[in-house]
Amino acid sequence: MRKTLFWIFAIVITLAAAVYQRKTGPTYPKKVTVGINTKKYTFDLKRNSDNDKDCDIRICIPDSGVTALINYKLYPVEDEWKQTGFVRDSNNLIGYLPKQPAAGKLEYYITFMYKDKPEEVTHTEHVIIRFKNPVPLWALLPHILFMFIAMLLSNLTGIYALFKLEKQKFYGRLTLLFIILGGIIFGPVVQHFAFGQAWTGVPFGWDLTDNKTLIALVFWIIAVVVNSKKQNLRLTILASLVLFVVYIIPHSLLGSEFDYAKGEVVTGVINLIH
């Protein structure tokens, strides 16, 4: 019964961390609310898109009196704002952002108008969107699944260590295995497809996703090696906490970004405010 509760607790912690990471990550959709003609509309604005085609922005606003413009420019360089209109398709307004090179970014916002009345013009907040090459599911799904399992097992191992259960050694080894599979094998494969570079962490760059994975790997290697010789519960708990902190840090902080001046992908640009 106690072990079942440990599993449930580990699952809850892992799911909560995953939800937090999704809500705080700079590449997940941004939820915005605007007021138009006394009505409020809430919708998501994309912050991540494949670059095999232009990025469509779809907004459900049934009121046919509402029209919209999408304003955009290259980011983070000095660039002139460009503007293009939305088209209506039944209840939806549809606009397009031009596709960019892998890791290229655009800053954009939406302007809404109601029956061309100047006093009924409203704007959304500014949003940053990053483009990437399409990633095949055979690479992406194992990466996501293995990292989720690694986090789940890490939490479980930490709980076992807190209660001084011998099986923490077994689950610690499994945790390390899935970190290697998800973060060290499939992680670089995904990044290679998305941005053309397999590893942009130390010693080649400052990509935070790569570096935080490396930190978690080092702590878990130490914990597993030390525990294989003599049980060290504190090291196991520390490694579990390190992976938890690593997991909730949003993806793409200090991540890949296309340098429009150099015409190449660089890393280490932090973007929290958008």
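How much length, in nm to one decimal, is gained on full extension between residue 73 and residue 221, taken as 0.36 nm per residue of separation minus their Cα-Cα distance?
Separation in residues times 0.36 nm, less the Cα-Cα distance, equals 48.8 nm.
Cross-link partners among lysines for residue 167, C-alpha distance below 24 Å, same-chain residues fewer than 8 apart left out?
Answer for residue 167, where 24 Å is the Cα cut-off: 3, 229, 230, listed by chain and number.
Give the angle, between 0 and 90 degrees and rounded to the nearest 10, that separates the Cα long axis of helix 168-179 from the longest principal axis of the Cα atoms of the chain.
40
What is the log10 of I(q)/I(0) for segment 30-132, computed with the Debye formula using one identical point scatterer on each Cα and no solvent, at q = 0.10, 0.12, 0.18 Å⁻¹?
So the normalised log intensities are -0.27, -0.38, -0.84.
Tell me, what does the Kirkwood hydrodynamic radius of segment 135-179 come to in angstroms if you use every pair of distinct C-alpha atoms?
11.0
What residue among 41, 201, 122 has its Cα farthest toward the positive end of the dipole of the chain, where the charges are +1 on Lys, Arg and -1 on Asp, Glu, each on the Cβ?
Of the candidates, 201 comes out farthest on the positive side.
Mind checking the dipole of segment 62-152: about its Cα centre, +1 per Lys or Arg Cβ, -1 per Asp or Glu Cβ, Debye to the nearest 20?
It comes to approximately 400 debye.
May I have the extent of the alpha carbons of segment 130-242 along their three principal axes, as whole Å values ordered from largest to smallest?
46, 28, 21
Just to be sure I follow: if Rg is taken over the C-alpha atoms of the chain and Rh is the Kirkwood radius over the same atoms, what is Rg/Rh?
1.08
Separation between the residue 241 and residue 162 pseudo-spin-labels, each 7 Å from Cα along Cα→Cβ, expressed in nm?
It is 1.2 nm.
Taking Cα atoms, how many degrees apart are the long axis of helix 137-162 and the longest axis of the chain, rounded to 10 and kept between 0 and 90?
Relative to the chain, helix 137-162 is tipped by roughly 50 degrees.
Which lysines have a Cα lying under 22 Å from the Cα of residue 132, excluding residues fewer than 8 positions away in the same chain?
Filter leaves 23, 30, 31, 46, 53, 73, 82, 99, 105, 212, 262.
If amide H atoms are built 1.01 Å from N in the plane of the peptide, which residues on other chains or at least 5 residues away come under 5 Å of the amide H of residue 50?
132
Taking θ as phi - 60°, what are the ³J(HN,Hα) couplings along segment 56-68 by the Karplus curve (6.51, -1.76, 1.60), each to the nearest whole Hz, with x for Gly and Pro?
Values, residue by residue: 8, 10, 10, 10, 7, 9, x, 5, 5, x, 8, 10, 8 Hz.
To the nearest 10 degrees, how steep is helix 2-24 against the longest Cα principal axis of the chain, on a 0 to 90 scale?
It works out to around 30 degrees.
Each reported figure results from applying straightforward, stated rules to the coordinates on display, with no laboratory input. Computed from a predicted model, the values in this text were never measured in an experiment. Because the Cβ atoms are built from the backbone with ideal geometry, glycine has one as well, and the counts that use them run over all protein chains shown.
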